[in-house]
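The values are calculated or read from the model by the stated rules, or taken from the named source; none is laboratory data. The model shown is predicted, which means the values in this text are computed figures rather than measured ones. So basically every Cβ, Gly included, is an ideal-geometry build from the backbone, and we count neighbours across all protein chains shown. These accessible areas exclude ligands, DNA and RNA; they are computed on the full protein's heavy atoms, side chains included. Shrake-Rupley method; radii C 1.70, N 1.55, O 1.52, S 1.80 Å.
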Amino acid sequence: MTQTAESPAEHAAEAPRESGGNGIGIAAFVTGALALAPVALVLGLIGLARYRSGKASRRSWPLAGTILGAVGIVAGTAIGVAYALSDAPQVAQDAHAKVDVVNVGNALVDWSAAHAGATTPVSLTDTGYEVDGLAIPSELDRLEARGVTVLDPEPYAWCLTLTYDGGTSSAVAFSATEGLIDSCPAG
């Protein structure tokens, strides 16, 4: 019969691990999977420190959380930079201008039906537009740089132009007879 004895150095090299204590590591993984990258990164680093000190029995959960957190931060930063460098804010401003001109144009259509031949009363307000006392809120991000013009060549044939800053275009139009158009006819 052969007996083997473990040396004290072999025992000291591997610190005893507690059987539990993996909650922070699991939380790191879950927050990483939920795309809460900064939280996942911090919890993952804490979980790895707990594993190294022997307070946690598993390294995989906090390591996965740390990796998901780091990847999420890098991906989020890349997406943010790409958005900032794109023309998406200008395209959104153009879409908001179209919503505004359609809303004001529709209010003018209703007003024109009741006031045939009268000059169309459109004005700017601090929060949007006004058509003969009817307030219409604006969707534009920059209210200070906008203008509105109505051409009244004949009853029921008016054309509304909205000018604005911050878009890929600077104007959008609405015709009483055609609805949303690129621009009012010169007149």
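So here's what we get for this one:
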quantity: Pair list, Cβ < 7 Å and 6+ apart or interchain, from region 74-96 residues that are modelled with pLDDT of 90 or more to residues that are surrounded by 11 or more Cβ atoms within 10 Å (Cβ to Cβ) and in a helix (DSSP H, G or I); calculated: Gly76/Ala37
quantity: Every residue from region 138-180 that is more than 27 Å from the chain's Cα centre (by Cα) and free of Cβ contacts under 8 Å to residues at least 12 places away in the same chain; calculated: Glu154, Glu178
quantity: Residue within region 41-55 that is assigned to a loop (DSSP other than H, G, I, E, B), closer than 19 Å to Gly21 by Cβ and of a type in the set (D, E, K, R) present; calculated: yes
quantity: Residues located in region 100-139, provided they are under 15 Å from Cys159 (Cβ atoms) and not hydrophobic (A, V, I, L, M, F, W, C); calculated: Gly105, Asn106, Ser112, Thr119, Thr120
quantity: Residues within region 155-185 that are on the phi > 0 side of the Ramachandran plot and either crowded, with 16+ Cβ neighbours inside 10 Å or among the charged types (D, E, K, R) (or both), tallied; calculated: 1
quantity: Residue selected from region 134-147 under the condition at pLDDT 90 or above and assigned to a strand (DSSP E or B), by the criterion surrounded by the most Cβ atoms within 10 Å (Cβ to Cβ); calculated: Ile136
quantity: Answer residue from region 83-133, given it is in a strand (DSSP E or B) and open to solvent by less than 40 Å² (accessible area, probe 1.4 Å) and is farthest from Val172 (Cα to Cα) among those; calculated: Val131
quantity: Boolean, Asp152 is surrounded by 13 or more Cβ atoms within 10 Å (Cβ to Cβ) and among the charged types (D, E, K, R); calculated: yes
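So that you can scan it fast, the table gives a plain yes or no per residue for (1) open to solvent by less than 30 Å² (accessible area, probe 1.4 Å); (2) out of contact with any strand residue (DSSP E or B) (no Cβ under 6 Å at 6 or more places or on another chain); (3) in contact (Cβ under 8 Å) with a residue 40 or more places away in the chain; (4) among the charged types (D, E, K, R):
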| site | (1), (2), (3), (4) |
| --- | --- |
| Phe29 | no, yes, no, no |
| Ala37 | yes, yes, no, no |
| Lys55 | no, yes, no, yes |
| Ile67 | no, yes, no, no |
